[in-house]
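Q: Next up is a structure, given as C-alpha cells.
Just so it is clear, none of the values below were taken in a lab; they were calculated from the coordinates. Bear in mind that the values here come from a model prediction, so they are computed numbers and not experimental data. Using ideal geometry, Cβ is built from the backbone for each residue, glycine included, and neighbour counts are taken over all protein chains shown.
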Ligand SMILES: [Zn+2]
C-alpha cells in the first residue's frame, strides 16, 4: 500500500515551532501556503514586466545613433536599475518557490543551516525564510 505524502504530512502536524510557541494549526499553514503562492505569482508577473521593459530599453539602445549622449546615459542607468530589480525579484521568487517546495516535502520551518526550528513568529512575518534569525544574521555578516 502506498500512502500519499499529504497523508503522511497532514498540514501543520510536522511543522516545527520554537519553544514557547503554539503548534501550527491547519488554517495557519494554509494561510502560509496561500501567502507563498501569491508571492510567487506576484513576482512572476513583476519579472515579466521588468523583462518587457528591459527588452524595450535594449531595443532603444541598439539604434541609439544620433541620440543625445545624456539620454543614452540615463537609459543606461535605467537599464542597470531594471536589471538589478529583475535579479532581486528573481532571487525572492526563488526563495518563495523553494519555501513552497519545502512545505510540500514536509521540511518547511527547520533552519537549513543549524536544523533548529525557525520559529512560527518569524515564518509568519517572512514566509520565505529558510534560516533561523541567528543563522541568517551570521550569513549576512559573512
Ligand atoms: Zn539556524
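Q: Under a GNM of the chain (C-alpha, springs under 10 Å), which listed residue has the highest mean-square fluctuation: 76, 116, 96?
A: Greatest mean-square fluctuation among the candidates belongs to 76.
Q: Please state the relative contact order of the chain as a whole percent: Cα pairs under 8 Å, 6+ residues apart?
A: Values: 135 pairs, mean separation 41.6, N = 142.
Worked out over the chain, it gives 29 percent.
Q: Then there's this: Using only alpha carbon positions, build the gyration tensor of region 24-108, then give the equivalent ellipsoid semi-axes as the square roots of 5 times its eigenvalues, largest first, whole angstrom. Mind dumping the intermediate values first?
A: Details: eigenvalues 314, 18, 15 Å².
Taking √(5λ) for each Cα gyration eigenvalue gives 40, 9, 9 Å.
Q: With angles folded into 0 to 90 degrees, how steeply does helix 26-62 sit against the dominant principal axis of the chain? Use alpha carbons for both and round to 10.
A: Long axis of 26-62 versus the principal axis of the chain: about 10 degrees.
Q: Follow-up question, since we're still on this one. Can you sort 118, 47 by how many other beta carbons sit within 10 Å, fewest first? Can you show the working numbers first?
A: Values: 118 25, 47 17.
So the residues, fewest neighbours to most, are 47, 118.
Q: Could you pull the Rg and Dmax for the chain, using just the Cα atoms, both in Å?
A: Radius of gyration, then largest Cα-Cα span, for the chain: 20.7, 72 Å.
Q: Okay, next question. Per residue of the chain, what 222 nm ellipticity follows from adding -39500 (n - 2.57) for every DSSP H run with n ≥ 4, rounded to the nearest 500? The partial results should precede the final answer.
A: Details: 5 runs with 93 residues, N = 142.
That comes out to -22500 deg cm²/dmol.
Q: Among 40, 17, 72, which one moves the most in a GNM of the chain with springs linking Cα atoms closer than 10 Å?
A: Among 40, 17, 72, the largest GNM mean-square fluctuation belongs to 72.
Q: Using a Gaussian network model of the chain whose springs link C-alpha atoms within less than 10 Å, name the residue from 15, 58, 93 with the highest mean-square fluctuation.
A: Per the Cα network of the chain with a 10 Å cutoff, 58 tops the list.
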